[in-house]
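K.L.:
Input: one structure, supplied below.
The values are calculated or read from the model by the stated rules, or taken from the named source; none is laboratory data. Fair warning: this is a prediction, and the values are worked out from it, not measured in the lab. Backbone-built Cβ (ideal geometry, glycine too); neighbour counts: all protein chains shown. Each accessible area value is taken on the protein alone, full model and side chains, heavy atoms only, with ligands, DNA and RNA left out. Shrake-Rupley method; radii C 1.70, N 1.55, O 1.52, S 1.80 Å.
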Amino acid sequence: MSAHALRDLLDRLVTEMIKGGITLDEGRHALEARLIERAVANAGGHLGQAADQLGIHRNTLARKIAEYHLRPTKR
């Protein structure tokens, strides 16, 4: 998918979230949690690799997994 198509998709998603009454905090939480889940799955459950994909430190990733009550899964 091209960068332009992704931007269009994101714009439509944001519009629908606003229409649906999703707050900034709720939207940020949902996006961050989903990104973390996908990165961990793509890394086969390896937190160090997932953290590298996300551009954050492994300890930060572990803290966010606990904060969002995520259950890291392997693909």
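K.L.:
What pairs come up if the first residue lies in segment 47-59 and is in contact (Cβ under 8 Å) with a residue 24 or more places away in the chain, the second is of a type outside the set (G, A, S), and their beta carbons are under 7 Å apart, counting only those six or more places apart or on different chains?
P.N.:
L47/V40; L47/R58; L47/L61
K.L.:
Kindly indicate the residue of segment 1-51 that is farther than 13 Å from L70 by Cα and of a type in the set (K, R) and also farthest from the chain's Cα centre (by Cα) among those meeting that condition.
P.N.:
In this case the residue turns out to be K19.
K.L.:
Quick one: is A39 under 25 Å from L61 (Cβ atoms), open to solvent by less than 60 Å² (accessible area, probe 1.4 Å) and touching a Leu at 6+ places or on another chain (Cβ under 8 Å)?
P.N.:
yes
K.L.:
Turning to a different aspect of this structure: Consider H57 carefully, then state whether it is at positive phi and open to solvent by 90 Å² or more (accessible area, probe 1.4 Å).
P.N.:
For H57, the condition - at positive phi and open to solvent by 90 Å² or more (accessible area, probe 1.4 Å) - is not met.
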